[in-house]
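Heads up, the thing below is written out as structure tokens.
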Amino acid sequence: MSQSRYKTMGQQFGRRSWAEPWKIKMVEPISMTSPKERQKALIDAGYNTFLLRSEDVYIDLLTDSGTSAMSDRQWAGMMLGDEAYAGSRNFYHLEEAVKTYYGYKYLVPTHQGRGAEHLISQALIKKGDYIPGNMYFTTTRLHQEIAGGTFIDVIIDEAHDPDDTHPFKGNIDPEKLETLIKKAGKENIPYVSLAGTVNMAGGQPVSMANLKATRKLCNRYGIPIYLDATRMVENAFFIQEREAEYSGKSIAEILKEFCSYTDGAWMSAKKDHLVNIGGWLAVNDNELFDKLRNMVVIYEGLHTYGGMAGRDMEAIAIGISEAVQDDHVRSRVNQVRYLGDLLSEWDIPIVQPVGGHAIFLNARSIYDHIPQDQFPAQRLAAELYLDSGIRAMERGIVSAGRDPETGDHRYPKLELVRLTIPRRVYTQAHMDVVAEAVKAIFDNRKQTKGLKMVYEPSVLRFFQARFESIT
Ligand code: PLI
């Protein structure tokens, strides 16, 4: 039986009551390689799925970042790119869309999410500061550290337990937050770093009630809240589904209300906004905006393009209005759940409840005979590729990196492999193939050995580290 607490609409009503609100107009051929070709490709890539060539991949679930299918309207918008150096018409469309759907006053465009993370971290963090947040994200934490800060995890304990079915595992623990504020002093906490759906916890949402309580607490100490809005549309879906007073509200209404309790947000448009590149930072504080607008011209580009082409800004502006449609979000999350339900029915351990953008395989449990410093999740992702050309991503000890003070591995409780579903790209049949491949690996799990790391970059090591098999 499925362990998933939240059933698909089809299961709830005894029939399949949802389908994608689009049809396919253009296709991109993909093909399967031979086992021998995959073996060679994997060794050449040092057992790191980031180092595989895309043409050697059959079903690409590495990430949902920049991998969405754009709509015909977005492609039409690309043809209306105003590629002026300054004052592009598309920038104003983007600014209008962010104001309309997110409600922030001032917009700074950036080339992608980490460009925005860089700017906000440099603008707000001073050496020795502490930045509380609901679990780390790789690039976010790194920019906070580069700016001289230390990230402190104040997410609820349930988030670190893959089997706990708490409906809002992205919530902040108010006690942990207040303890930190009292210990560190409010003057050393520049902001709370809040992510809408927590990527590293399995795409888990934050409730509106938790944000309101966090806001109240922060108001008492005069601490602002900045939101990582990258997958906030998916978070709004979970609020609609799980918080009774929001069941009658639209995704767009919930999104705007959620943002209204925060002071600003940064965005990787490559996710929710259904585009291949782009990002932004939006704030309400005029003085901060002035600072950011001065910084963006140094690091990203002029304040009316921030590293993006005019056509990219147009595609984002249109993507924002598509992303907040209820039927779009419902079909997106339900496709992820469809895969999760298949795996759960075979008792394959995955993070519960299924989140918004991906299925997270519990590698620690699947390979319980492989010690964490032999990289069980890295191995699992490699095995999946070897079996069937499916590309996934490690989200465990390799992604967690080393403690900057001690130089030791960080040992996260969650040792996961992420099967990330790009938006509007794959069909249900692809999900069936993926589920069968995972089952084959699972059935063969006892034979599998760990890996050793033979090359380790000093930052964000998961992107480029190389491994060899332990024999
Ligand atoms: O990849 P960027 O630079 O556009 O965005 C960085 C980024 C910020 N926040 C969150 C929650 C992310 O998930 C994120 C990027 N995520 C990637 C690339 C992913 O595969 O999940």
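The values are calculated or read from the model by the stated rules, or taken from the named source; none is laboratory data. Because the structure is predicted, anything quoted here is derived from the model rather than measured. Cβ placement follows ideal geometry from the backbone for every residue including glycine, while neighbour counts extend to all protein chains displayed.
Checking the conditions here, which among Lys216, Lys212 is touching a residue at least 24 places away in the same chain (Cβ under 8 Å), away from the ligand (no atom under 16 Å from the Cβ), surrounded by fewer than 16 Cβ atoms within 10 Å (Cβ to Cβ) and not acidic (Asp, Glu)?
Lys212
May I ask you to list the residues in region 405-442 that are in contact with a Leu (Cβ under 7 Å, 6 or more places away or on another chain) and closer than 23 Å to Pro162 by Cβ?
Leu416, Val417, Leu419, Thr420, Ile421, Met431, Val434, Ala435, Ala437, Val438, Ile441
I'd like to check something: does region 173-192 contain any residue that is more than 28 Å from Ser344 (Cα to Cα) and within 16 Å of the ligand (Cβ to nearest atom)? Please lay out each step first, then the result.
Residues of region 173-192 that are more than 28 Å from Ser344 (Cα to Cα), as a first pass: 173-192.
Now narrow it down to the ones that are within 16 Å of the ligand (Cβ to nearest atom): 191-192.
Within region 173-192 (the criterion being more than 28 Å from Ser344 (Cα to Cα) and within 16 Å of the ligand (Cβ to nearest atom)), the answer is yes, since at least one residue qualifies.
Within region 337-365, take every residue that is among the β-branched types (Val, Ile, Thr) and buried (at least 24 other Cβ atoms within 10 Å of the Cβ) and give me the one that is farthest from Thr448 (Cα to Cα). Before you say what the answer is, go through the steps one by one.
Going residue by residue through region 337-365, those that are among the β-branched types (Val, Ile, Thr) are 348, 350-351, 354, 359.
This time we only want the ones that are buried (at least 24 other Cβ atoms within 10 Å of the Cβ), so: 350-351, 354, 359.
Details: Ile350: 19, Val351: 21, Val354: 26, Ile359: 21 Å.
This residue is Val354.
Only one of (1) surrounded by fewer than 21 Cβ atoms within 10 Å (Cβ to Cβ); (2) touching a residue at least 12 places away in the same chain (Cβ under 8 Å) is not met by Ile298, so which one is it?
(2)
Considering only region 64-113, state which residues are part of a strand (DSSP E or B) and aromatic (Phe, Trp, Tyr). Reasoning before the result, please.
First, the residues of region 64-113 that are part of a strand (DSSP E or B): 106-110.
The answer is Tyr106, and nothing else.
Rundown of residues vs (1) of a type in the set (Asp, Glu); (2) within 15 Å of the ligand (Cβ to nearest atom), yes/no style:
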{"position": "Thr33", "(1), (2)": "no, no"}
{"position": "Glu37", "(1), (2)": "yes, no"}
{"position": "Leu42", "(1), (2)": "no, no"}
{"position": "Leu62", "(1), (2)": "no, yes"}
{"position": "Gly66", "(1), (2)": "no, yes"}
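Only one residue in Met308, Met267, Met232 is within 16 Å of the ligand (Cβ to nearest atom), in contact with a Cys (Cβ under 9 Å, 6 or more places away or on another chain) and of a type outside the set (Ser, Thr, Tyr), so which one is that?
Met232
In this structure, does Glu158 turn out to be surrounded by fewer than 24 Cβ atoms within 10 Å (Cβ to Cβ), away from the ligand (no atom under 13 Å from the Cβ), farther than 16 Å from Ala116 by Cα and acidic (Asp, Glu)?
Yes.
Could you list, in sequence order, the residues of region 385-426 that are of a type in the set (A, V, I, L, M) and more than 21 Å from the chain's Cα centre (by Cα)?
Leu386 - this is the single residue of region 385-426 that is of a type in the set (A, V, I, L, M) and more than 21 Å from the chain's Cα centre (by Cα).
Check Tyr106 against each of (1) modelled with pLDDT of 95 or more; (2) loosely packed, with under 13 Cβ neighbours inside 10 Å; (3) not acidic (Asp, Glu) and name the one condition it does not meet.
(2)
Go through region 382-398 and report how many residues are more than 16 Å from the ligand (Cβ to nearest atom) and among the acidic types (Asp, Glu).
2
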